[in-house]
Amino acid sequence: MEQDILVDLKQIEKSYRKGKETVKVLSGLDLEIKRGDFLALMGPSGSGKSTLLNLLGGLDSPTSGSLRIDGDQIDKLSQGQLTRWRARHVGFIFQFYNLMPVLTTERNVELPLLLTKLSKKQRRQHVDTALALVGLQDRAKHYPSELSGGQEQRVAIARAIVSDPTLLLCDEPTGDLDRATADEILDLLRDLNEQQNKTIIMVTHDPKAADHAKHTLNLNKGALEH
Amino acid sequence: MAYLYFVWRNLLRKKTRTLLTVLSIVVAFILYAALGTLNYAFSMGVDLAGADRLITIHKTSLIQQLPYSYVNKVRSVEGVADVTHATWFGGYYQDPKNQFPQFPVVAEEYFAMYDTVVLPPEQMEAWRKNRLGAVVGRSLVERFGWKVGDRVPLKALYDKKDGERVWEFVIEGIYEAREGQVVDTSTMFFHYDYFDEARAFGEGTVGWLILRVDSPEVANRVADEIDMLFANSSAETKTSTEKVFVESFAKQFGDIGAIVSAILAAVFFTMLLVAGNTMAQSVRERIPELAVMKTIGFSGASILLMVLAESILLAVAGGLTGVGLAWLFISGAQANLQAFLPGFAMPTSIVFSGALLSVALGFVTGIFPALQGMRLSIVSALGRR
């Protein structure tokens, strides 16, 4: 059904200027992702996975084509509008966690909420809930340097979900973790997908990570392989 | 508040670097406040100088005396409303370091000339009646703990006829600034008649003449006429407005304002480089973090404001600490230095200008890194990791 489609990409092209040359990264990409899906994007280096993720997250704009997410035509938004759109709709999880080293766990998780009109008390409640979901309530006062890699990634996940975004975008979320910890993180993402109905798009090189997703798509030379 | 907390935590990210930068700003602002106070003290006399008062001194130098007879000759010049005189006494109280200005004057004439000070009428009357009487300013009383009725011995440049060099005076009054006026109150006045009769040499002479003209417009003409009157005499004169006189007196020490400005310009230029480098380095180290913030949804403007707030906070902390420390030093040195510089006290304007200057310093050193943070491309910044 039409209303189940959260992400709708039509004829997406993305190219960069490199000196005098134009490098085409994505060509004529058509993609529909349903609400509540957990999609793994795989492909060799340079296949355009990260570029696609950047487009889906409103970090970059396509050269041509139509990019609609949850009803918003985001390829038509200005930089300022994209910034506000990201704050409302997207949670990002990075390979290297990208936490603020000067802030405690709870302050890191609270960061996206500073962009909302929530009171301090409401922010605190949201932070507690997010930390409970990732199982890190007892690490609220710790700084990132006092946490393990897996714990840091859990904090990053808590930060990504704390403002209840429509879409979770993960860029190699287990790329910096050992197998056991990676599985824990992937299980957590699957739980968020199944129990909280979060739509997740995950870029990965790791086939075992992709196994945790509901679907896997392969990108090669800027085009989807079916 | 949450933003401020973040700004604060970022400042503490490299504690040693922040501390050293703040310390260098502190030193710059101690210099700023101390030199500014010195400049203020030197220029204070200029600010107090009356536009309608002229000073006549010996053409050769202020040290040379003028015949007393000049007082009446000057009085007859057209446009002169009033004339009085004063002489440098150059004494000290108990110890050579306790120096302050003392002038033998004609009581009523002198206080009529300077209506910016007030002396209670009964004290003026008591002073007039006591040949050894003297009046002193409020700050002098506070400095030495004197009170009306005290006998004050001063050791002077002048020997008395009896060979004594110690002159004794009785304090008969304490003058103060008239309400709303800023006046130096660190001077002692006593009777010229007593001084002139008692001194061993220089009898019948005065240090300089002070005259009031009918209006500031005639000041230059009157000054020229007075100097013409005494041209080719044994004591030629140089007459100028009180403002010019005070300025040229202050310039004996050099152009304090220009020296102070040159030193401060060098200090603040160095400061711009030091604090600017700290901020640039601090932002450069955090490019990926700033990119993550923009990814999360922080606008370029909020990144700019956060970096600027950090830089301004750093500069204001150093600036206010520096001005505060300078105030402590100046308060401590005030008692000793007021003997030479009566106006040596930190004016409020230095505190305000110091605060403004520190904000400006923070802005200038922070604006370029802040703009860099605001404009950074998320995709390329995250790609650096």
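The values are calculated or read from the model by the stated rules, or taken from the named source; none is laboratory data. Small disclaimer: the values here were computed from a predicted structure and weren't measured. When we count neighbours, we look across all protein chains shown, and the Cβ atoms used for this are built from the backbone with ideal geometry, even at glycine.
Here are the numbers:
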item: Residue, farthest from the other protein chains (Cβ to nearest Cβ), within the stretch A:95-139, restricted to residues that are buried (at least 20 other Cβ atoms within 10 Å of the Cβ) and on the phi > 0 side of the Ramachandran plot; result: A:Tyr97
item: Residue in the stretch B:262-270 that is in a helix (DSSP H, G or I) and within 14 Å of another protein chain (Cβ to nearest Cβ) present; result: no
item: Filter result for the condition that a residue is in contact with a strand residue (DSSP E or B) (Cβ under 9 Å, 6 or more places away or on another chain), aliphatic (A, V, I, L, M), at negative phi and more than 9 Å from chain B (Cβ to nearest Cβ), over A:Leu77, A:Leu26; result: A:Leu26
item: Within the stretch A:21-80, strands (runs of 3 or more DSSP E) holding 2 or more residues that are of a type in the set (Lys, Arg); result: A:21-34
item: Hits in the stretch B:81-107 - residues which are of a type outside the set (Phe, Trp, Tyr), in a loop (DSSP other than H, G, I, E, B) and under 24 Å from B:Gly145 (Cα atoms); result: B:Gly90, B:Gly91, B:Gln94, B:Asp95, B:Pro96, B:Lys97, B:Asn98, B:Pro101
item: Selected residue (only one of B:Val74, B:Val105 is surrounded by 14 or more Cβ atoms within 10 Å (Cβ to Cβ), out of contact with any Ser or Thr (no Cβ under 6 Å at 6 or more places or on another chain), more than 16 Å from B:Phe190 (Cβ to Cβ) and of a type outside the set (Ser, Thr, Tyr)); result: B:Val74
item: Residue within the stretch B:54-66 that is out of contact with any helix residue (DSSP H, G or I) (no Cβ under 6 Å at 6 or more places or on another chain), part of a helix (DSSP H, G or I) and modelled with pLDDT under 90 present; result: no
item: Identity of the residue in the stretch B:144-203, free of Cβ contacts under 8 Å to residues at least 40 places away in the same chain and outside any loop (DSSP other than H, G, I, E, B), that ends up nearest to the chain's Cα centre (by Cα); result: B:Ile171
item: Residue match in the stretch B:122-141 (condition: over 15 Å from B:Ile171 (Cβ atoms), assigned by TED's automatic domain parsing to the domain that holds B:Gln64 and surrounded by fewer than 16 Cβ atoms within 10 Å (Cβ to Cβ)); result: no
item: B:Thr295 vs. criteria surrounded by 14 or more Cβ atoms within 10 Å (Cβ to Cβ), assigned by TED's automatic domain parsing to the domain that holds B:Ala355 and touching a strand residue (DSSP E or B) at 6+ places or on another chain (Cβ under 7 Å); result: yes
item: Hey, A:Asp176 of a type in the set (D, E, K, R), touching a residue at least 60 places away in the same chain (Cβ under 8 Å), surrounded by fewer than 20 Cβ atoms within 10 Å (Cβ to Cβ) and under 24 Å from A:Val109 (Cβ atoms) or not; result: yes
item: Every residue from the stretch B:59-90 that is touching a strand residue (DSSP E or B) at 6+ places or on another chain (Cβ under 6 Å) and among the charged types (D, E, K, R); result: B:Lys59, B:Arg75, B:Asp82
item: 1 or more residues within 16 Å of the chain's Cα centre (by Cα) and not small (Gly, Ala, Ser): qualifying strands (runs of 3 or more DSSP E) within the stretch A:126-226; result: A:167-171, A:199-203, A:215-220
item: Test result for A:Leu118, modelled with pLDDT of 90 or more, more than 30 Å from A:Asp8 (Cα to Cα) and not basic (Lys, Arg); result: yes
item: Residue ID - nearest to the other protein chains (Cβ to nearest Cβ), chosen from residues in the stretch B:284-336 that are free of Cβ contacts under 8 Å to residues at least 40 places away in the same chain and not in a helix (DSSP H, G or I); result: B:Gly297
item: Flag if B:Ile303 is over 28 Å from B:Lys97 (Cα atoms), surrounded by 16 or more Cβ atoms within 10 Å (Cβ to Cβ) and modelled with pLDDT under 95; result: yes
item: Meets criteria (modelled with pLDDT of 90 or more and either crowded, with 20+ Cβ neighbours inside 10 Å or not assigned by TED's automatic domain parsing to the domain that holds B:Ala235 (or both)) for B:Val148; result: no
item: Residue in the stretch B:231-247 that is in a helix (DSSP H, G or I) and closer than 30 Å to A:Leu168 by Cβ present; result: no
item: Selected residue [of a type in the set (Ser, Thr, Tyr) and over 21 Å from B:Glu203 (Cβ atoms)] from B:Tyr70, B:Tyr114; result: B:Tyr114
item: Those residues of the stretch A:191-211 which are touching a strand residue (DSSP E or B) at 6+ places or on another chain (Cβ under 7 Å) and of a type in the set (S, T, N, Q), in sequence order; result: A:Asn193, A:Thr199, A:Thr204
item: Pairs where the first residue, in the stretch A:4-23, is without any contact (Cβ under 8 Å) to a residue 40 or more places away in the chain and the second is surrounded by fewer than 15 Cβ atoms within 10 Å (Cβ to Cβ) and of a type in the set (Gly, Ala, Ser), C-beta under 6 Å, 6+ apart; result: none
